[in-house]
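Worksheet: one structure, shown below.
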Amino acid sequence: MKKPLIVGNWKMNLNTSQASLLAQRLHENIKLHRDIEIVLAPSMLSLQPLSTQIDERKFKLAAQDAYYKDEGAFTGEVSFTMLRDLVEYVIIGHSERRIFFSESLDIVRDKVAACVRNEITPILCVGETRQERRAGETRQVLHDQIMSGLANLTDKEVANMVIAYEPVWAISTFDGELAKPDEIQRQFGFIRNQIKELYGAKAVDTFRLLYGGSVDDQVVGGYLELDGCDGVLVGGASLNYKKFAGIVSAADRLIHKPVGAKGG
Ligand code: PGA
């Protein structure tokens, strides 16, 4: 297993003082893990203050989105260029952006390219809706989102990026439908094959693949244990410092599990 990557997507929650408080609680409850990468994605407004508050050995920052033009008359937008000294990652193509803000495949593609151009690592989100899943279109959707999202990148650029598989029907369903790890395993296999076919063996070895969709401290182990799972993208549970710290502990237990031991 590569160094696990755990990303907390705070979405449109918490004002700057609430965000600062959560960061403080996370600092108190998560110890320094040199072999786990922990990334916080607060609102755009909180990135700057958190960048001076967090212990950079423990936490890195991500933006939840950015615009693909570097500068200009685009009222309300923030560019990757503006973010490049502030964040290590940007989440791109989250299903909430694709659905609520009509982000097309082309827009997502341009954002990924702008992210790479600005030397920030993209976390490209892909995943099918419930309707697409019912219609048996999952693989077609994943294929299209991956093909177009990575369209302008070289093999080497793909090798450095992160893809988060987030089935839309499994996002924020905590008390409802959870994705079964064996179903995720099959789609992981499909995504890895796509990367291998399109970008070669080196890219598939080094790009990182995350799972996202109602991950909390109780269920995270089942996903992290999947073959080829390099970490998780966490929404709701990342707003609760105990749950988020529990997710980090689960990853820690997994990487330090004696070789050959099962379950946990
Ligand atoms: P969730 O969100 O953990 O609340 O399901 C995940 C995401 O949307 O990234």
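The values are calculated or read from the model by the stated rules, or taken from the named source; none is laboratory data. Note that the structure is a prediction, hence the values are computed from the model and not measured. Heads up, the Cβs are rebuilt from the backbone with ideal geometry, glycines too, and the neighbour counts pull from every protein chain shown. When the accessible area is computed, the model is the full protein with side chains, heavy atoms only, and any ligands, DNA or RNA have been set aside. Shrake-Rupley method; radii C 1.70, N 1.55, O 1.52, S 1.80 Å.
Pick from the range 55-92 the residues that are farther than 28 Å from Leu209 by Cβ and among the acidic types (Asp, Glu): which of them is surrounded by the fewest Cβ atoms within 10 Å (Cβ to Cβ)? Before you say what the answer is, go through the steps one by one.
As a first pass, look at the range 55-92 and keep what is farther than 28 Å from Leu209 by Cβ: 69-77, 82.
Next, only the ones that are among the acidic types (Asp, Glu) stay: 70-71, 77.
Numbers: Asp70: 13, Glu71: 10, Glu77: 14.
Out of the qualifying residues, it is Glu71.
I need the full set of residues from the range 120-132 which are away from the ligand (no atom under 16 Å from the Cβ) and over 22 Å from Ser46 (Cβ atoms), in order please.
Result: Gln131, Glu132.
Just need a number here: residues in the range 185-225 that are under 17 Å from Lys156 (Cα atoms), within 16 Å of the ligand (Cβ to nearest atom) and open to solvent by 30 Å² or more (accessible area, probe 1.4 Å).
Count: 1.
Can you list the strands (runs of 3 or more DSSP E) lying wholly within the range 1-102 that have 2 or more residues being charged (D, E, K, R)? Outline the logic, then answer.
Working: elements: 5-9, 37-41, 59-63, 89-92.
No strands (runs of 3 or more DSSP E) qualify here.
Determine which single condition Gly228 fails, assuming it passes every other condition in (1) open to solvent by 10 Å² or more (accessible area, probe 1.4 Å); (2) within 15 Å of the ligand (Cβ to nearest atom); (3) in a loop (DSSP other than H, G, I, E, B).
(2)
What are the residues in the range 79-102 that are without any contact (Cβ under 8 Å) to a residue 40 or more places away in the chain, within 16 Å of the ligand (Cβ to nearest atom) and in contact with an Asp or Glu (Cβ under 9 Å, 6 or more places away or on another chain), if any? Working first, answer last.
Narrowing the range 79-102 to residues without any contact (Cβ under 8 Å) to a residue 40 or more places away in the chain: 79, 81-86, 90, 97-98, 100-102.
When the remaining residues are screened for being within 16 Å of the ligand (Cβ to nearest atom), the result is 90, 97-98, 100-101.
Scanning the range 79-102 gives Val90, Arg97, Phe101.
Quick one: in the range 177-216, of everything that is aromatic (Phe, Trp, Tyr) and outside any helix (DSSP H, G or I), which residue is farthest from Arg130 (Cα to Cα)?
Only one residue tops the list, namely Phe207.
Results for (1) of a type in the set (Lys, Arg); (2) modelled with pLDDT of 95 or more; (3) more than 20 Å from Gln64 (Cα to Cα), shown as yes or no for each residue.
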| position | (1), (2), (3) |
| --- | --- |
| Asp217 | no, yes, yes |
| Val220 | no, yes, yes |
| Tyr223 | no, yes, yes |
| Val232 | no, yes, no |
| Ala237 | no, yes, no |
| Asn240 | no, yes, no |
| Phe244 | no, yes, no |
| Val259 | no, no, yes |
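Given the conditions (1) part of a helix (DSSP H, G or I); (2) more than 14 Å from the ligand (Cβ to nearest atom), report the number of the one that Ser238 does not fulfil.
Only one criterion is unmet by Ser238, namely (2).
Search the range 156-174 for residues being assigned to a helix (DSSP H, G or I) and surrounded by 15 or more Cβ atoms within 10 Å (Cβ to Cβ), and hand back the single one that is nearest to the ligand (Cβ to nearest atom).
Top of the filtered list is Ala170.
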